[in-house]
Amino acid sequence: MTSKNPFLQKYNTIAKFYNQVWLIAILLAVGLFIMQIATGNLTQKKETTNFQEFGCYQTPDNKLIKLEEYEPQTNTELSIIEFDQVIRTKLRVNEIPPINEPKFSQNHDEILKCIDEEEKAIVLEGSNETKIYPFKILQQHLIINDFIDGKPILVSICALCNSPSVYERTIDAKELTFGTTGLLYRNNDLFFDDSTNSLWSQINGKAVVGDSVGQNLSRINFKTMSLKNAVLQYSESNILTFDTGYRRNYSDSSFKDYEKSDTTLSPVLNSSDKFAKKDTVYAFEIDEQIYAMNSADAEKEDFRIKTPNDIQIKTIYENGITRLFVNDQETQYIQSYWYVWYDHYPETIALKP
């Protein structure tokens, strides 16, 4: 990426801000952990063994996709974030490979042989089709450039944030294809587009660095539920398969371990003890004010709570799906770990019973 401020200078700036020795330790931890993710937490020998033992069909050797090395030429002089806080991990561009040619199947049982039915999934309902994207596959790619009803979409997850998202991947009627960068901003992934090489925030779909800065991808509504509930409720749906074009360790449990730990991979500037750091929260906006509630509260039977100005909030948890209502009007929300969400949106009001 071209810049008048090279990454070495950027790191030096951050080091002065956070304390040089501590930052180096953090960066090493980030690099080590994410390199484990990128390689499936295995050596090459173990990857081969894992592939041979894996019980579901994966892309064969002669059809594996080899992505060309690419360095986005991002205009870093245009930025609406503190660019000196962007962390570059040891991962190269697209080393966590996006899925550009996803393959689906209606043979749900075949996929469930290799993923626990209690694992979460994105369910996306179109007019003519319904698609299921298991977290377990998505975590190994972060990005799926796909279509629903012929509409270009970006299905993504920040595995370090527990934040799934679906966006329309068009700006001004131009279709964009997204890739991974190995960059983190406040513990959230930054993606790049193939048109302007701008950097986009995964958590809110906004271009934060580059020529497209300030533009927003339109969010698409989706549901999150267990695979068990997904295949029961959507028996005719198409489920994403392991035939992704790449050889990945889809049995990896690194993110489960990360969820249970109290550590974060990069510094947290804005923190709040209203919820535990790794609590999953549902965030939503009312009249330009952002609120968040603990997902554990939202899943309680007939959960109700009021905002400080007496707006009635209630949730309905049914068939593994949480629906949120503001004054009896259903409202969409964004899922994330609390520490990541609050670091991006410190103005958030935490709603607790």
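The values are calculated or read from the model by the stated rules, or taken from the named source; none is laboratory data. For clarity, every value in this text was computed on a predicted model and none was experimentally measured. Positions of Cβ are generated from backbone atoms using ideal geometry, with glycine treated the same way; all protein chains shown enter the neighbour counts.
All of (1) within 12 Å of the chain's Cα centre (by Cα); (2) in a loop (DSSP other than H, G, I, E, B) hold for T196 with one exception: (1). Of all residues in region 107-135, those being part of a strand (DSSP E or B) and not acidic (D, E) number 10. The number of residues in region 307-344 that are part of a strand (DSSP E or B), touching a residue at least 40 places away in the same chain (Cβ under 8 Å) and either farther than 17 Å from M225 by Cβ or not β-branched (V, I, T) (or both) comes to 6.
Considering E68, E47, E119, the condition of being closer than 24 Å to R169 by Cβ, assigned by TED's automatic domain parsing to the domain that holds F191 and either charged (D, E, K, R) or at pLDDT below 90 (or both) is satisfied by E68 alone. Is it true that S156 is surrounded by 22 or more Cβ atoms within 10 Å (Cβ to Cβ) and not assigned by TED's automatic domain parsing to the domain that holds Y337? Judged against the criteria, S156 is a match.
Of the residues D193, D146, D189, D109, the single one that is without any contact (Cβ under 8 Å) to a residue 40 or more places away in the chain and crowded, with 21+ Cβ neighbours inside 10 Å is D193.
Could you list, in sequence order, the residues of region 171-181 that are assigned to a strand (DSSP E or B) and either touching a residue at least 40 places away in the same chain (Cβ under 8 Å) or within 20 Å of S105 (Cα to Cα) (or both)?
Looking only at region 171-181, we keep the residues that are assigned to a strand (DSSP E or B), and these are 171, 174-175, 178-181.
The answer is I171, F178, G179, T180, T181.
If you check L184, L190, L160 for being within 19 Å of Y339 (Cβ to Cβ), touching a Leu at 6+ places or on another chain (Cβ under 8 Å), aliphatic (A, V, I, L, M) and not in a strand (DSSP E or B), only one passes: L160.
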